[in-house]
Amino acid sequence: MDNNDRVLKYVQDRLKLGQEKYGQSIPLAGEGGRDNFRESLEEVFDMVVYLAATLVELNDKRFYENELQLIKESENKVVRISDVNKEIAKEWRNKDD
């Protein structure tokens, strides 16, 4: 199945879902009091809200991942400093011998 077929299948699946949900095909020319243009604008605005929320989530995730990385780097530095301190202490002990 090529990409065009995949996109068409997705559209067909969405149309089928809408037909099952509303019990009719997509309305035209204001059938049933529906306004496709107004409803599509509402959907676009909903999409903007969802995308903005996703951006906030991604930024939060990146922030926390960066913080976690900084903590890990700090822990590694502490371990290295601790190792250095152990070596210095060992050298001082050997110096007294």
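Where a number appears in this text, it was derived from the coordinates with a stated rule and is not lab data. Source: prediction; values computed, not measured. For neighbour counting, all protein chains shown are included, and Cβ atoms are generated from backbone atoms with ideal geometry for every residue, glycine included.
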message: Taking a ≥ b ≥ c as the square roots of the Cα gyration tensor eigenvalues, with a/c under 1.5 meaning rounded and otherwise prolate when a/b beats b/c, else oblate, which class fits region 22-97?
response: prolate
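Going by how many other beta carbons lie within 10 Å of each one, how would you line up M47, M1, fewest first? Working shown, then result.
Values: M47 10, M1 7.
Sorted ascending by nearby Cβ count, the order is M1, M47.
Give the shape of region 1-64 as rounded, prolate or oblate, defined through the alpha-carbon gyration tensor: a ≥ b ≥ c are the square roots of its eigenvalues, a/c under 1.5 means rounded, and otherwise the shape is prolate if a/b is larger than b/c and oblate if not. Write out the running numbers ahead of the final one.
On the way: a/c = 3.09, a/b = 1.54, b/c = 2.00.
Oblate.
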- prompt: What is the helix-to-structure angle for 36-96, meaning the angle in degrees between its Cα long axis and the longest Cα principal axis of the chain, kept from 0 to 90 and rounded to the nearest 10?
  reply: 10 degrees
- prompt: Can you give the angle from 0 to 90° between the axis of helix 3-22 and the longest principal axis of the chain, with both taken from C-alpha atoms, to the nearest 10?
  reply: 60 degrees
query: Under 28 Å from the Cα of K86, which lysines turn up, not counting those fewer than eight places away in the same chain?
result: K72, K77, K95
